[in-house]
Amino acid sequence: MQSRLRRLALAMTPILTLLAGGDARSDENLFGYSYGSETLPKGSWELYNWMTWRTSKGKGDYDAIDLSQEVEYGITDRLQASFYLNERYHSIRDAAPIEDGEPEYRNRDQFAFQGVQTSVKYNFLSPYDAPLGFSLYFEPGYSRIDKISGEHGTEWEFEAKALFQKNFLDDQLIAVLNITPEVELEKMHGDDEFEKEFLLEFTGGLTYRIAPKWYLGVESRYHSEYPEFDKEWTREHWAVFVGPALHYGTEKWWFTLTVLPQVYGKPQDGGRSHTLHLDEHERVEVRLKTGLNF
């Protein structure tokens with residue numbers, strides 16, 4: 001697994017080294033998981049590359065890498081649209097999730113095409129013109145690889161976001177908050193019916209411009225899930241992540257690195273952790289995003 005991660009890191013290097021500098025842009029992603037309220041200017045394009053590494057279930061060896069390539073276009077100064085291609089890699093050795101002791105859940109070494117997503121984002125208030133920036137975001141998606149186990153199946157996702165952004169100190173200090181409800185319809189290979197699930201997530205961050213082109217801050221994420229929500233609203237599990245976020249941006253390109261360790265979750269597995277939820281989440285997530293502006 002370590003050799004694969006080294007090769008993946010080397011593959012990312014040209015993205016960071018072949019690009020040129022300039023002044024920062026307001027539509028950059030200052031955080032790895034949280035979105036700002038700004039949109040691309042009309043007629044502008046942006047290419048993104050996402051890499052998220054999720055590691056450690058507290059038992060055995062567990063590593064997963066989520067990859068995304070995104071193209072984003074400004075339809076108007078307030079409306080933008082995006083399209084994603086996604087891939088997913090799993091390396092699992094005697095680690096959770098282990099369902100009914102089935103061997104195919106114990107061990108997996110697989111890289112596969114995951115699915116596609118599309119999104120639209122509309123800005124109602126700009127944080128540079130109003131006391132509080134506000135946008136709405138909608139993203140439907142299709143996935144064929146389960147995020148945790150790597151099992152093949154069919155999943156339809158319908159996600160919405162309310163995006164808030166507040167700028168302080170002449171835009172040197174920036175705070176964001178995202179509220180994200182999501183509905184998932186999932187059917188694994190061999191199942192007859194789709195399972196319904198409601199997810200509720202809050203992400204947010206605070207970042208400060210420590211030098212020209214550089215921002216350093218903190219980001220947090222709360223994630224919870226409600227299975228079969230059409231029958232009863234029972235929260236199955238939840239987890240909280242908090243960690244640092246580093247951003248560097250120029251006129252032509254930018255990158256953002258966020259490291260999010262899980263700090264608390266429920267239900268907890270006393271054999272693996274007395275404070276964390278490790279069945280549906282990992283101990284640590286690391287996300288690197290790079291963007292190229294046109």
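Remarks
- Choice from ILE210, ILE92, ILE179 with maximal GNM fluctuation in the chain (Cα, 10 Å cutoff): ILE210
- Within straight-line cross-link reach of LYS42, aspartates and glutamates at Cα separation under 18 Å, skipping those fewer than 8 residues along the same chain: ASP27, GLU28, GLU70, GLU72, ASP77, ASP129, GLU251
- Here the translational diffusion coefficient of the chain follows from Stokes-Einstein with Rh set to the Kirkwood radius across Cα pairs; for 20 °C and 1.002 mPa s it amounts to 107 µm²/s.
- Against the chain, whose longest principal axis is taken from its Cα atoms, helix 2-17 shows a tilt of about 10°.
- Cut-off of 10 Å, at most 10 other beta carbons, DSSP loop: longest stretch of the chain lacking such GluC sites (Glu not before Pro): 1-192
- Sequence-separation-based contact order of the chain, relative, with Cα cut under 8 Å and 6+ spacing, percent: 19
- Comparing ASP109, ASP192, ASP66 in a Gaussian network model of the chain (Cα springs below 10 Å), the most mobile by mean-square fluctuation is ASP192.
- Taking other C-beta atoms within 10 Å as the exposure proxy, ARG93, ARG54, ARG283, ARG221 rank ARG93, ARG283, ARG54, ARG221 from fewest upward.
- Of all lysines in the structure, the ones whose alpha carbon falls short of 25 Å from that of LYS59, not counting any fewer than 8 places away in one chain, are LYS147, LYS266.
- Two-site FRET efficiency, ASP192 against GLU280, from Cβ-Cβ distance with R₀ of 35 Å, rounded to 0.05: 0.90
- For THR39, THR76, THR275, order by how many other beta-carbon atoms lie within 10 Å, fewest first: THR275, THR76, THR39
- Estimated 222 nm signal from helices in the chain, with DSSP H stretches of n ≥ 4 weighted -39500 (n - 2.57), rounded to 500: -2000 deg cm²/dmol
Just so you know, all these numbers are worked out from the coordinates, no wet-lab data involved. If you're wondering where the values come from, they're calculated on a predicted model, not measured in any experiment. Quick reminder, even Gly has a Cβ in these numbers, built from the backbone with ideal geometry, and neighbours come from all protein chains shown.
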